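Okay, structure first, notes after.
The numbers here are math on the coordinates, done by the rules we state, and not lab data. Source: prediction; values computed, not measured. Neighbour counts are summed over all protein chains in view; Cβ atoms, including those assigned to glycine, are modelled from backbone coordinates with ideal geometry.
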Amino acid sequence: MKRRHDRSTADGRRRWSFGSTLVLCLLAPLAALASGVAKGGSGPLRTAYTSVRVAIDGDVARTTVTQVFVNDLPSPVEVSYGFPLPDDAVVTGFADWRDGKRFEAGVAGKEEARAVYEKAMAEERTAALGEKEDSRFRMSLYAVPAGGARRVELRYSQTLQALGGERTYAFPAGEGGAATVLDLDVDVVADRAVKGVESLNHPDARVAEAGAAKRRVLLSRAGAGLGRDFVLRWRQETEPLDLAARAVRPDLAQPGYVEARFAFNEDPFARDRAPRDVVLVVDASLSMAGEPLARSKALAAAVIDALAPGDRLNVVAFNQVVSQSFETLRPATTIHKARARALVEGLRAGGRTDLYDALLAAGEALRRSEDGLLVLMTDGQPTATPGKDPFALSVDPAAFVSARVVVAHFNYPGRSADLEALFPAATVRYVPDGPAADAAIEALARLATAPTIEDLAFEMEGADVHAVHGPLPARLAVGESVRLMARANSAVVVRIYGRLNGLPVYLDRTVAVPAGPQPGGDRGLAVEWARLRLRDLETEWRRLASDDPPAAETVEAEIRGLGTDYRLATRFTSYVLADGLAPDDIKPGDPELRIHAPASALGVRGVLPWGEVVRCTWDDDEQLWLGRFLVPRGVKDGLYRVRIFVDDQRGTKTRGALWFRVDSRPPEFDLTVDAEGPVTSGDVVRVFASPVVEVFAEKNGDRVDPDPIDLKRVVVQVGDFEFLMERFGDVWTAEVPIDLPPGRHEIRLLAMDRARNTSESVATVEVE
């Protein structure tokens, strides 16, 4: 089956932002309402710890944010947890801790989530409702008691943009005060050599090489937050016209996921491009004051300087008034370029925004152009021209029929979808604040004046190729890339067609779909396929909702199914977390407090060196108080003290202190083989791995145990084969076939903990 994805199926495709709902039904009393990251009406909540873990595999970035908030106020406070999602990101999960236990939010239909919320309110139980608001994820948390702490986890996935072999990851700085301890850990894994990894806004970030195609970036701070967005940029080795493909199969019973990416990195023909018409539209309204207008001027100047004498140009500047450098397009001579630069340099921010009339003027200038370019610099905030919504602007197709549109977007990330919707083939780039903006402006200038592949088309062909998804522009400028995804059971042939400077472009690649799951998992491709499929379905649903309701219901059912199957918030599905749900297993890597205090105690808590309060809960099975806590990555190896307090009817007593060790060393194991004497080739033997641990205990029986499940992967190698070990209690075991020639052989154990510390242990076996 051949699936062709070309401009005829992509024109008019738009990206939309939909609301999603997450419900919590809780039994804590309400106090003051907070807003932002973690704020209360009587004062801010302290962020005791923020952990950001990012796994970047190719062009897919999966981010996990864990935060611990502490209420230092004298009264309980309800917290509204807010997070500014990056563009093109989708929330893939949310977890909440109660009494040291982790609760993962489930996925349900939006109506069901709403019903849970309303029922909880009717029963006078505390309830909270969270929503995805444009580019922000927000949810309320149940009341944090005075002196108490709350820990939450947010997970999201996004697609990274590739510009001429460069890739950029940005983590938003957000709001709120600085964390007592901040850890940021980014793993970059590529299919090709990685070069030039740098943190643009944070020079104290450390870059470690883990191989030619792997890098690890660490940032740890105490008493200081990010301040600016964390922006990481790196380069990969590329070809001028670069077509790459990969595939995974997470489930034996399901088709695999195939990803194909084509990148136009440079013009291999080295030909002079044809003359073009360029119109620069610069927003000089008051909301663009400061860095945005300064960056816009830099971009406009770079585009003007790059124009050849055969090109034609005009500049449209606007606030509540629209002005132009010329009455019509003029040749890009030295005199005309100087006049255009003078208009741009003389701009001062002020007044309201007449984006509507500015775009009409640009369209009129490019109406009869055979090769046009529109470069729009704005924050997308329309405040003038009452009754004229620029995002409802119906531009005459003849005005931009041959124009390529590049948008430099400032200040308001939530406006990106609106700006993209104006022009189906537009290239919209958000320009961050700080030094990272310099590289963004440079890349935009390169895109605006770049050679372009016209009549772009993609083919994915194979015996069992299912639907292909992903937006495909009508043209692709040098430095840009495009990605498509499909599901397939067998090998897929990927082909790319187009024309560059009048010459044909053709490339093809064949990618095999694995027969079963791979050690690296799905590499984020499953969620990416579902996200692109949902985007297509939601666009289709909007088209059918008023014209063909029965067909719209069919599309809605598929959206609900995908949201549920892939655990994603969609227009019709939400995350829901209610009382009565069983907690997940405690997150690996958390030490455990075991306090022998009376069951009649009103409470037991531990105070950690970095300020977090660990509230223990009574365990009937073990007849003691249990509590778990995080050790921030930035904490150095060594001994640390946790102070223990017990509350009873007579007040609070200091129980004393426990000591625990922070150790970044690899895990140690004793490896044994369950065999007496030599074994025969072909026999199956059982091997056991027992962790070597230290326990810090006091005479009264209180102690801190290291986490016995703080292990990411434990395998045993025999010859050329590798076997995954399973955990039973504190022991790991596996049945291993001894398919080896006679003689003495090594059985090697490889153990990796959650911090990626790795150790080896060796046992020997004699084969008869």
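Report the calculated FRET efficiency for Arg643 and Ser323 (r = Cβ-Cβ distance, R0 = 60 Å), to the nearest 0.05.
Calculated transfer efficiency: 0.35.
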*Which residues does a label at Ala512 reach in region 464-504, if reach means a backbone N under 12 Å from a point 7 Å past the Cα toward the Cβ?*
491-492
*Add +1 for every Lys or Arg and -1 for every Asp or Glu among the other residues with Cβ under 14 Å from the Cβ of Asn319, and state the total.*
-2
*Sites Leu602 and Trp659 - FRET efficiency at Förster radius 30 Å, r taken between beta-carbons, to 0.05*: 0.70
*Per-residue ³J(HN,Hα) for region 639-652, Karplus 6.51 cos²θ - 1.76 cosθ + 1.60, θ = phi - 60°, Hz, x for Gly and Pro*: 8, 9, 10, 10, 8, 10, 10, 10, 9, 9, 4, 8, x, 10
*Extension gain Phe269-Glu726, at 0.36 nm per residue separation less the Cα-Cα distance, in nm?*
158.9 nm
*Return the FRET efficiency for the residue pair Glu442, Asp72: r is the Cβ-Cβ distance, R0 is 51 Å, and the value is rounded to the nearest 0.05.*
0.70
*For Gly603, residues with placed amide H under 5 Å, excluding near neighbours*: Asp647
*If you add up the charges near Pro678, with Lys and Arg at +1 and Asp and Glu at -1, over every other residue whose beta carbon is less than 13 angstrom from its beta carbon, what do you get?*
-3
_Spin-label model distance (nm) - Ala146 vs Asp548, 7 Å beyond Cα toward Cβ_ = 6.3
*Give a residue-ordered list of calculated ³J(HN,Hα) values for region 294-303 (Karplus: 6.51 cos²θ - 1.76 cosθ + 1.60, θ = phi - 60°; whole Hz; x for Gly, Pro).*
4, 5, 4, 4, 5, 5, 4, 5, 5, 5
_Using 0.36 nm times the number of residues separating Thr333 and Thr564, minus their current alpha carbon distance, what extension gain do you get?_
77.3 nm
